[in-house]
Amino acid sequence: NKNYNPQEIEQKWQKIWEDKKIFKTSNKDKRPKYYDLVMFPYPSGTLHVGHVKNYVIGDVVARYKRTKQFNVLHPFGFDAFGLPAENAAIEKGKLHPEEWTFKNIDIIRKQIKKIGISYDWDREVITCKEDYYKWTQWLFLQLYKNGLAYKKKAPVNWCPHCKTVLANEQVVNGKCERCGTEVTIRRLEQWYFKITDYAEKLLNDLDKLTGWPENVKTMQRNWIGKSVGAEVDFKIDNMDKTLKVFTTRPDTLWGVTFMALAPESPLVEELTTPENQQKVEEFIKMISVQDRFKRTSQDAPKEGVFTGSYAINPVNGEKIPIYIANYILYEYGTGAIMAVPAHDQRDFEFAKKYNLPIRIVIKPKDSENTNNSESLENAYTDDGILINSDIFSGLENREAIKKICEWLESKKIGTFTVQYKLRDWLISRQRYWGAPIPIIYCEKCGTIPVAEEDLPVRLPRDVEFKPTGTSPLIDHPDFKNVKCPICGGDAKREVDTMDTFVDSSWYYLRYINPDLTDKPFEKNDVNYWLPVDQYIGGVEHAILHLLYSRFITKVLKDLNFLDFDEPFENLFTQGMIYRNGAKMSKSKGNVVSPDDMIEKYGADALRTYILFMAPPEKDAEWNDSGIEGTYRFLNKVWNTYMKIIDKIDNIQFHTKYHLKNQIEKDLRRKLHSTIEKITNDIEGNFQFNTAVSSLMELLNDCSNYLNSVNENEWNSSLLKEFADDFVLMLSPIAPHICEELWSMLGKDDLIINATWPEVDKEALKIEEVTIAVQINGKLRSQVTINLNLSEEEIKAIVLEDEKIQKYIENKSVKKIIYVPGKIVNILVK
Ligand code: ANZ
Ligand code: ZN
């Protein structure tokens, strides 16, 4: 008999699958649908085994669901626009981003085919191709037409030397990362998607997503960040102006001792008095180059400067100083706060630093009425009883919040408000390698969306890449200069491109009709396939990609392009593969290539190892001896089949056949309990690691049977049943070896078209068990009994046991208690 030769088998079956288009899926089918989606990759280079894990998990699910008779959609594609391609073009000075991208795509596609993933390649989607980004631009236009895409000025980092916008990461210590020039803040026109209109829906509908991991939903909730509170108006002393603040704690209004503005606030200029002008300007300059995230983080030192102006507290008429402070975010609430140092830690630190008063207005429920703010070491942020708060003193503060809000409304000095941390989605990128924003600016006619029939707005190829970071489109006259579609006069195109998260926010819809030329997708078809039944990907996408996709789906539903409002019904986030304790990366030199492993052990051994190494949601450490282990296992599978295959050649398998003895019954029971377990492992929570170990155990039991029973006594019907079912269960995990064995078993069709085995509940019944026998509560013997016997028969057998006989000689048996299947207790005197 032949030896296991994975490389030969794998190439053979991959060719057959491809030639016969086995994985092609139709949008019309009588079987129930199952949409199995893996997050598509950014094609930045070759894949390592860590990337592959995602695709192997997806493939097991796809192949399993096929054997469960679902119409399975399992597509693949590439998130192909983005910065690395452009940077590579700039660095190497040669490769156009397009060439770089398609070169990488070719490499990855080949790698994936060698792993035997069952993708329907006819549905491949590549976001940088015209026939895709045309529809990304179409999507922009739908949002624009419906008031969900708009332009506004926003502060951005600007390098006056390079004349370009810099991302926060490109600003180091306030200086341009490239040329060292001091970075300034510029207000530039940027395009936004109005995701904040959907904040409440995006938040509420998380409750519907019962098939999502809790931690991902929590991250989304925090990102949306809903706060309930009030907006309160503070008059400015000696000016006809009010300062609006957002507070979640109107119960602390009597404890306000200063106000604070964000440094970016336009009010800064108006409120700064001439004497304070210079100090304020210096402060703003210093802050403007600081990282906004670091500056406002909880433990950053609090810093600020006095404007010279005062506000009037509307609840008690007190005059309070207005500061500018580094910890106030311009983009949140109203960009200004009422500061309550006694009860807010940031305000407390600020007040200590600048010697501002601290006034306690809430005391712990069961403490004395203390007013001593001197002894405060930190802000008191817990709940308690209001003090020093006029008519509200004595109330519990949670209750007071409601009452004070009502009171503010009745006095017209404040209103109930809900705030979200979620900001509108800034989609403008000053970059070349992305989908151009389909907008034209005409001096006469204003901002004009490109007509749908004029899409796509093509990216020109002949651009010059310079290491400035600006989009080379700015200097491309043919791209930039157009005629106005309305007046025909000279006009200019928008030269910014879209954030690549826009591309990936809808790709799962394009897989449904990848070749459609007059629409992005067919409504009926997406309604048939979606929501995605299983989405699989990395937890690093827990927030942005998933939130944007949910948003775009909801928008498309509201615009009546589809009928569902959540795109992904179930989400699975897989763990990473580490090596030498670190994430795999080229720079660390700890990358394991799937190609090397396939060459050495075969794709099936690689797949089996990736699934076996740990529960798939956990991070795991790569170990070379681990893949050797799964390779040995597959060899053992192979050799076992070679031993039995000619014994079962002519067996027509019938469900009912005679089992001669306990050994045969035990093996059949093991087979069926394994079917039950693996089905549960896969259906339940993707426990592929325990599925693999159950198969290993089952194989061991079978080979023990073969070794302990004389060859001419082998039950060939039993071996036939084992051979069929075992290879079926292994096939989603190690599909190539299973196709080969399946054909050797004389099957006409491929194993991928076969049906998953059923559990025979009868076979699971345990007939013989060993039970404990006690005399007066002490263990005295063990007896093996057949469970089909009656209680009386079992008691009789126990009493005849040799050891028991010795103990009950000369004694009288008072009572025998039988706990079925477990224990017999004999009471004697
Ligand atoms: C007075 C107060 C007293 C506050 C107190 C808190 C505790 P969340 O829950 O995150 O929404 N705040 C409002 N706008 C801000 C901004 N743009 N930048 C920085 N801080 C801002 O937080 C809301 C609270 O954060 C608001 O309630 C406000 O401070 C502050 F004992 O008002 B509070
Ligand atoms: Zn015009």
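The values are calculated or read from the model by the stated rules, or taken from the named source; none is laboratory data. Just so you know, these numbers come straight off a predicted model, no measurement behind them. Here Cβ is always computed from backbone atoms with ideal geometry, including for glycine, and neighbour counts include all displayed protein chains.
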State all residues of the range 262-286 that are touching a residue at least 12 places away in the same chain (Cβ under 8 Å) and under 23 Å from ALA154 (Cβ atoms); if no residue qualifies, say none. ALA262, PRO263, GLU264, SER265, LEU267, VAL268, GLU270, LEU271, THR272, VAL280, PHE283, ILE284
Hey, does the range 767-774 have a residue that's assigned by TED's automatic domain parsing to the domain that holds TYR657 and among the small types (Gly, Ala, Ser)? no
With respect to VAL502, is the statement that it is within 16 Å of ligand 2 (Cβ to nearest atom) and on the phi < 0 side of the Ramachandran plot true? no
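Mind checking which residues of the range 284-304 are of a type in the set (Lys, Arg), out of contact with any Lys or Arg (no Cβ under 8 Å at 6 or more places or on another chain) and either within 9 Å of TYR327 (Cβ to Cβ) or within 16 Å of ligand 2 (Cβ to nearest atom) (or both)? Walk me through how you get there before you give the answer.
So in the range 284-304, the residues of a type in the set (Lys, Arg) come out as 285, 292, 294-295, 302.
Subset that is out of contact with any Lys or Arg (no Cβ under 8 Å at 6 or more places or on another chain): 285, 292, 294-295.
Across the range 284-304, the qualifying residue is only ARG295.
One residue is enough: does the range 382-400 have a residue meeting the conditions acidic (Asp, Glu), within 16 Å of ligand 2 (Cβ to nearest atom) and either part of a helix (DSSP H, G or I) or touching a residue at least 40 places away in the same chain (Cβ under 8 Å) (or both)? Spell out how you get there, then give the answer.
Here is the first cut: in the range 382-400, the residues acidic (Asp, Glu) are 382-383, 390, 396, 399.
Retained after the next criterion (residues that are within 16 Å of ligand 2 (Cβ to nearest atom)): none.
No, there is no match, as no residue in the range 382-400 is acidic (Asp, Glu), within 16 Å of ligand 2 (Cβ to nearest atom) and either part of a helix (DSSP H, G or I) or touching a residue at least 40 places away in the same chain (Cβ under 8 Å) (or both).
Inside the range 139-179, can you point out the residues that are small (Gly, Ala, Ser) and farther than 13 Å from SER428 by Cβ? Before you say what the answer is, go through the steps one by one.
Within the range 139-179, the subset small (Gly, Ala, Ser) is 147, 149, 154, 167, 174.
Hits for the range 139-179 are GLY147, GLY174.
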Being surrounded by 16 or more Cβ atoms within 10 Å (Cβ to Cβ) and within 16 Å of ligand 2 (Cβ to nearest atom) narrows it down to one of CYS405, CYS442, so name that one. CYS442
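Any idea how many residues of the range 582-630 are part of a helix (DSSP H, G or I), surrounded by fewer than 20 Cβ atoms within 10 Å (Cβ to Cβ) and in contact (Cβ under 8 Å) with a residue 40 or more places away in the chain? Explain how you work it out, then say what you get.
Of the range 582-630, the ones part of a helix (DSSP H, G or I) are 586-588, 594-601, 603-612, 624-630.
Filter once more, so that each one left must be surrounded by fewer than 20 Cβ atoms within 10 Å (Cβ to Cβ): 586-588, 595-596, 599-600, 624-626, 628-629.
Filter once more, so that each one left must be in contact (Cβ under 8 Å) with a residue 40 or more places away in the chain: 586, 595, 599.
Matching residues across the range 582-630 total 3.
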Given LYS110, LYS114, LYS94, LYS103, which one is assigned to a loop (DSSP other than H, G, I, E, B) and at negative phi? LYS94
Mind counting the residues in the range 315-334 that are touching a helix residue (DSSP H, G or I) at 6+ places or on another chain (Cβ under 8 Å) and either in a loop (DSSP other than H, G, I, E, B) or polar (S, T, N, Q) (or both)? 5
Within the range 367-376, does at least one residue satisfy the condition of being under 26 Å from LYS226 (Cβ atoms), assigned by TED's automatic domain parsing to the domain that holds GLU282 and surrounded by 14 or more Cβ atoms within 10 Å (Cβ to Cβ)? no
Among the residues of the range 424-444, write down those that are among the aliphatic types (A, V, I, L, M) and assigned to a strand (DSSP E or B). LEU426, ILE439, ILE440
Residue that is nearest to ligand 1 (Cβ to nearest atom) [pool: residues in the range 434-446 that are farther than 21 Å from THR127 by Cα and in contact with a strand residue (DSSP E or B) (Cβ under 6 Å, 6 or more places away or on another chain)]: TYR441
What is the residue count in the range 282-323 for residues that are β-branched (Val, Ile, Thr) and within 12 Å of ligand 1 (Cβ to nearest atom)? 1
Of everything in the range 142-165 that's aliphatic (A, V, I, L, M) and over 19 Å from TYR548 (Cα atoms), which residue is modelled with the lowest pLDDT? VAL165
Assuming TRP433 fulfils every condition listed in (1) touching a Pro at 6+ places or on another chain (Cβ under 6 Å); (2) within 11 Å of ligand 2 (Cβ to nearest atom); (3) among the aromatic types (Phe, Trp, Tyr) apart from one, which condition is it? (2)
Would a scan of the range 112-129 turn up a residue that is of a type in the set (A, V, I, L, M, F, W, C) and at pLDDT below 95? no
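Can LEU188 be described as farther than 30 Å from ASN388 by Cβ, free of Cβ contacts under 8 Å to residues at least 24 places away in the same chain, among the aliphatic types (A, V, I, L, M) and away from ligand 2 (no atom under 16 Å from the Cβ)? Even if it seems obvious, please write down each step before you answer.
Values: farther than 30 Å from ASN388 by Cβ: yes; free of Cβ contacts under 8 Å to residues at least 24 places away in the same chain: no; among the aliphatic types (A, V, I, L, M): yes; away from ligand 2 (no atom under 16 Å from the Cβ): yes.
No: the conditions fail for LEU188.
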Just give me the residues in the range 472-509 being in contact with an Asp or Glu (Cβ under 7 Å, 6 or more places away or on another chain) and either buried (at least 22 other Cβ atoms within 10 Å of the Cβ) or aromatic (Phe, Trp, Tyr) (or both), in sequence order. THR500, ASP503, SER504
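Suppose we keep only residues that are surrounded by fewer than 20 Cβ atoms within 10 Å (Cβ to Cβ) and within 30 Å of GLU399 (Cβ to Cβ) within the range 236-248. Which one would you say is farthest from ligand 2 (Cβ to nearest atom)? Working first, answer last.
Filtering the range 236-248 for residues surrounded by fewer than 20 Cβ atoms within 10 Å (Cβ to Cβ) gives 236-242, 244, 246, 248.
After this cut, where a residue has to be within 30 Å of GLU399 (Cβ to Cβ) as well, the list is 242, 244, 246, 248.
Values: THR242: 41, LYS244: 39, PHE246: 41, THR248: 47 Å.
Once the filter is applied, the top-ranked residue is THR248.
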Is the range 167-174 home to any residue that is in a strand (DSSP E or B) and either free of Cβ contacts under 8 Å to residues at least 12 places away in the same chain or over 14 Å from LYS285 (Cα atoms) (or both)? yes
Could you list all residues from the range 92-112 that are surrounded by fewer than 16 Cβ atoms within 10 Å (Cβ to Cβ) and touching a residue at least 40 places away in the same chain (Cβ under 8 Å)? GLY93, ILE107
Test TYR4 against the stated conditions and say whether it is in a strand (DSSP E or B) and touching a residue at least 12 places away in the same chain (Cβ under 8 Å). no
Top-ranked residue of the range 331-360 - restricted to ones that are of a type in the set (Ser, Thr, Tyr) and near ligand 1 (Cβ under 9 Å from one of its atoms), ranked as surrounded by the most Cβ atoms within 10 Å (Cβ to Cβ): THR334
Does the range 674-695 hold any residues that are modelled with pLDDT under 95 and either over 31 Å from the mean Cα position of the chain (by Cα) or of a type in the set (A, V, I, L, M) (or both), and which are they? ILE682
Filter the range 783-815 down to the residues that are out of contact with any Asp or Glu (no Cβ under 9 Å at 6 or more places or on another chain) and assigned to a strand (DSSP E or B), then identify the one that is surrounded by the most Cβ atoms within 10 Å (Cβ to Cβ). VAL813
Residue selected from the range 194-235 under the condition of a type in the set (A, V, I, L, M, F, W, C) and not in a helix (DSSP H, G or I), by the criterion farthest from ligand 2 (Cβ to nearest atom): TRP212
Cβ-Cβ below 9 Å, separation at least six or inter-chain, first residue in the range 478-491 and touching a residue at least 60 places away in the same chain (Cβ under 8 Å) and more than 6 Å from ligand 2 (Cβ to nearest atom), second among the hydrophobic types (A, V, I, L, M, F, W, C) and not in a loop (DSSP other than H, G, I, E, B): which pairs? none
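How about the range 449-534: which helices (runs of 4 or more DSSP H) wholly inside it have at least 2 residues that are touching a Ser or Thr at 6+ places or on another chain (Cβ under 8 Å), away from ligand 1 (no atom under 16 Å from the Cβ) and at pLDDT 95 or above? Give the steps one after another, and end with the answer.
Numbers: elements: 477-480, 500-504, 507-510, 523-529.
So the answer is 500-504, 507-510.
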